[in-house]
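What follows is a set of notes on a single structure, which appears directly below.
The values are calculated or read from the model by the stated rules, or taken from the named source; none is laboratory data. Predicted model, so just to flag it, every value in this text is computed and none were measured. No Cβ is skipped: glycine too gets one built from the backbone with ideal geometry, and neighbour counts run over all protein chains shown.
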Amino acid sequence: MAKAHENHREDVIGRANVEDTPELLSYYDDLEKYHTGALWTVANKIEPWEPKSQSVPVVWRYKDLREHVIRSVDLVTPEKAGRRVIYLNNPGRTDVAAAVGWIYAGLQVMNPGEVAGAHRHSASAIRFIMEGRGAYTVVDGHKMTLGGNDFVLTPNGTWHEHGVSAEGTTCLWQDGLDIPFVNAMEANFYEVHPDLNQAVGYAVDDMTKTWGNPGLTPSTGKWSHGYSPMFKYEWEPTYVALSKYAGCTEGSPFDGVMMDYVNPTTNGPVMRTMGASMQMLRAGEHTKAHRHTGSYLYHVAKGRGYSIINGKRYDWQERDIFCVPSWAWHEHVNLDDRGDACLFCLSDLPVMRALGLYREEAFADNNGHQPIL
Ligand code: 1HN
């Protein structure tokens, strides 16, 4: 790893290497008065040799967090809070309230009978259900019922609200949004629904029933939005698909048996700014290390194990969330040698790919495994 970057020194030819002199310092002061600067004073910083993520790897452990999330139920109402959410605050990204890179994430809790009003905004969300019965989301009049490890999309510009039916139990879920990204693009709008709650205009779960049939698409009906019409992706068919695929593939050396959730009308990512995948690590599997651009937020849907990220071990178990910053080396280990582990992953990979910024590299030394530092 070190070898490849030995020439990454600031004094090689072609890199800025100007020493301060009294004349230059006073020149810089003059430039500043006119809202300008000399490029060579910042060039090495704004043009790094390779991505330097501000985010640090973090594991948010559910056994530590859960009780604190639930405490919020007695402290604030969804009416007053808008959304009752405890957000994941990456120590390197507190300035933009991101969990990793330009991705925001939080844990939202609702009690039976509660409803969080409808709104819409330019940011898009992927909502991954962690526990409880009776959760639902309404997106542009389509109501989706939600169970554990299901996720629902609330794409940019769609009216959305959440609730838990009176017969349900306390529900917790992970929200993942592209808010920091949309804010960085200075393109975020936000609106509250004029009626506070929207009317349900279709059969319950119609979008998944219509668009979520393997190998089949409705003969009539068009879809031209930049996001998937299948607003809800369920855990059960996901797990069936991964299990079937695992039976006939060696999988990826880096990711085990991995499948991407797709927009059935394009086979592309579920939304333009954020994508989702589920990967199965087979019993005892230890993947090889690689790194790629993009920010990745993993949610342990099943099992227990650990990941080595930039040479450090991070243990995880079901419902824990952890992040892999852009260009960080990572490999995953399933600690159960009898059963599989499943990692749900949301990322900004669609942005990386669409903008031609995706790049990937395998860890070459040590048979593909990082030494633990
Ligand atoms: C939002 O709309 C939700 O709909 C959750 O549940 C968290 C954080 C920032 C902005 C919008 C939701 C959010 C959010």
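The set of residues in segment 122-135 that are in a loop (DSSP other than H, G, I, E, B) and either within 11 Å of the ligand (Cβ to nearest atom) or farther than 21 Å from V204 by Cβ (or both) comprises S122, A123, S124. Quick one: which residue in T77, T94 is of a type outside the set (D, E, K, R) and within 30 Å of A203 (Cα to Cα)? Unique residue meeting the criteria: T77. Tallying residues that are touching a residue at least 12 places away in the same chain (Cβ under 8 Å), within 11 Å of the ligand (Cβ to nearest atom) and either of a type in the set (D, E) or out of contact with any helix residue (DSSP H, G or I) (no Cβ under 6 Å at 6 or more places or on another chain) (or both) within segment 80-89 yields 4. All told, W329 falls short of being of a type in the set (F, W, Y) and within 21 Å of Q174 (Cβ to Cβ). For segment 191-208, the tally of residues that are within 16 Å of the ligand (Cβ to nearest atom) and either under 26 Å from W60 (Cβ atoms) or crowded, with 16+ Cβ neighbours inside 10 Å (or both) stands at 1. Restricting segment 90-101 to residues that are surrounded by fewer than 24 Cβ atoms within 10 Å (Cβ to Cβ) and within 17 Å of M274 (Cβ to Cβ), the residue that is farthest from the ligand (Cβ to nearest atom) is V96. Looking across segment 136-146 at every residue that is away from the ligand (no atom under 11 Å from the Cβ) and not hydroxyl-bearing (S, T, Y), the one that is nearest to V59 (Cα to Cα) is identified as L146. Of all residues in segment 239-265, those that are assigned to a loop (DSSP other than H, G, I, E, B) and touching a residue at least 12 places away in the same chain (Cβ under 8 Å) total 8.
The criterion of at least 3 residues that are modelled with pLDDT under 95 and acidic (D, E) is met by none of the strands (runs of 3 or more DSSP E) wholly inside segment 280-373. Is segment 47-59 home to any residue that is aliphatic (A, V, I, L, M), crowded, with 17+ Cβ neighbours inside 10 Å and either touching a residue at least 12 places away in the same chain (Cβ under 8 Å) or within 29 Å of E360 (Cα to Cα) (or both)? Taking every residue of segment 47-59 in turn, at least one turns out to be aliphatic (A, V, I, L, M), crowded, with 17+ Cβ neighbours inside 10 Å and either touching a residue at least 12 places away in the same chain (Cβ under 8 Å) or within 29 Å of E360 (Cα to Cα) (or both).
In the set (1) surrounded by fewer than 23 Cβ atoms within 10 Å (Cβ to Cβ); (2) more than 10 Å from the ligand (Cβ to nearest atom), the condition left unmet by H119 is number (2). Taken together, the residues in segment 316-371 that are of a type in the set (V, I, T), more than 25 Å from D178 (Cα to Cα) and out of contact with any Gly (no Cβ under 6 Å at 6 or more places or on another chain) amount to 0. Considering segment 102-116, the residues that are small (G, A, S) and near the ligand (Cβ under 10 Å from one of its atoms) include one that is modelled with the lowest pLDDT, namely A116.
Pull out all pairs, ordered by first then second residue, where Cβ-Cβ is under 6 Å, the residues are six or more apart or on different chains, the first lies in segment 4-32 and is under 30 Å from D365 (Cβ atoms) and at pLDDT 85 or above, and the second is in a loop (DSSP other than H, G, I, E, B) and among the small types (G, A, S). Hits for this filter: zero, empty list. Quick check: is even one residue across segment 162-180 surrounded by fewer than 20 Cβ atoms within 10 Å (Cβ to Cβ), over 18 Å from I321 (Cβ atoms) and within 15 Å of the ligand (Cβ to nearest atom)? Scanning segment 162-180, I find no residue that is surrounded by fewer than 20 Cβ atoms within 10 Å (Cβ to Cβ), over 18 Å from I321 (Cβ atoms) and within 15 Å of the ligand (Cβ to nearest atom), so the answer is no.
The set of residues in segment 292-307 that are closer than 24 Å to A364 by Cα, touching an Asp or Glu at 6+ places or on another chain (Cβ under 6 Å) and surrounded by fewer than 23 Cβ atoms within 10 Å (Cβ to Cβ) comprises H292, Y306.
Among the conditions (1) touching an Asp or Glu at 6+ places or on another chain (Cβ under 7 Å); (2) more than 16 Å from the ligand (Cβ to nearest atom), the only one that D74 does not satisfy is (1). Pairing residues of segment 117-139 that are free of Cβ contacts under 8 Å to residues at least 12 places away in the same chain with residues that are surrounded by fewer than 24 Cβ atoms within 10 Å (Cβ to Cβ), at Cβ distances under 7 Å and at least 6 apart in sequence or on separate chains, gives no pairs at all.
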